């Protein structure tokens with residue numbers, strides 16, 4: 001069983017995948033069956049039989065016609081995915097969305113959001129929140145920890161005589177490069193451009209600006225710590 005699963009998953013992911021020998025056979029069997037059920041649920045929810053999509057329990061999908069994805073798209077239990085936006089939500093291959101994550105194409109019906117584009121082999125940690133009002137782009141092989149929040153939108157607030165909620169918003173958009181690691185509980189705000197190969201330490205607040213490639217950033221606000229090469233976090 002273990003060898004068969006290793007072979008199937010490796011072929012599916014186009015990279016070597018070997019399950020730890022300490023994983024009990026019973027656990028492995030239950031996981032395999034759960035994935036089969038998620039696959040069937042994905043077929044019924046999206047009706048795209050030429051693509052593999054795994055959908056967990058309690059998933060809510062809105063405006064599904066605006067959601068596109070490649071093979072190996074996984075939406076885990078309790079997620080909310082709302083595709084309403086000008087450009088929709090576009091997910092690459094082997095994208096995994098963690099438990100109870102929320103992805104919203106639009107924050108308000110007054111102004112449709114721009115949308116989201118991800119590359120391949122993306123991992124979004126559980127309980128994360130991605131707003132897409134101003135547009136979000138995420139490069140290949142980027143992974144995120146738990147409770148990561150992405151906000152490509154800012155409220156205007158300069159008029160002291162008018163409630164902030166009535167002053168409107170502005171959008172610049174957010175870009176996250178390829179091969180990045182966004183640590184747990186990080187917050188990425190509108191106008192941030194994170195270069196390829198960056199590490200954002202857990203709990204950081206990434207403000208508007210350009211963050212150089214292959215660098216480690218940490219803090220509130222996030223500041224350059226050191227080059228990534230040869231550094232252990």
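Data table
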item	result
Virtual spin-label span in nm between residue 225 and residue 164, 7 Å along Cα→Cβ	2.9
GNM result for the chain, Cα springs below 10 Å: residue of 29, 187, 144 fluctuating most strongly	29
Pairwise FRET efficiency - residue 45 versus residue 22, Cβ, R0 = 25 Å, nearest 0.05	0.15
Euclidean distance between Cα centres, the stretch 27-85 to the stretch 89-125, Å	13
Relative contact order (%) - the chain, alpha-carbon pairs under 8 angstrom, separation at least six	9
Distance in nm between pseudo-label sites at residue 213 and residue 37 (7 Å out along the Cβ direction from Cα)	4.5
Global form of the stretch 168-209, assessed from the alpha-carbon gyration tensor, a/c cut-off 1.5	oblate
Cβ-derived FRET efficiency at R0 25 Å, residue 184 paired with residue 65, nearest 0.05	0.15
Angle in degrees between helix 25-46 and the longest Cα principal axis of the chain, rounded to the nearest 10	60
Helix axis angle, 2-13 relative to the chain longest principal axis, alpha carbon, degrees	40
Antiparallel DSSP beta bridges within the chain, as percent of all bridges there, nearest 5	15
Two-decimal log10 I(q)/I(0) for the chain, as the Debye equation yields it once each C-alpha is a single scatterer, q = 0.18 Å⁻¹	-1.35
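Any read-out appearing in this document is the output of simple, stated calculations on the displayed coordinates, not a laboratory observation. Please read all numbers here as calculations on a predicted model, not as lab measurements. In this analysis, Cβ positions are derived from the backbone assuming ideal geometry, glycine residues included, and neighbour counts consider all displayed protein chains.
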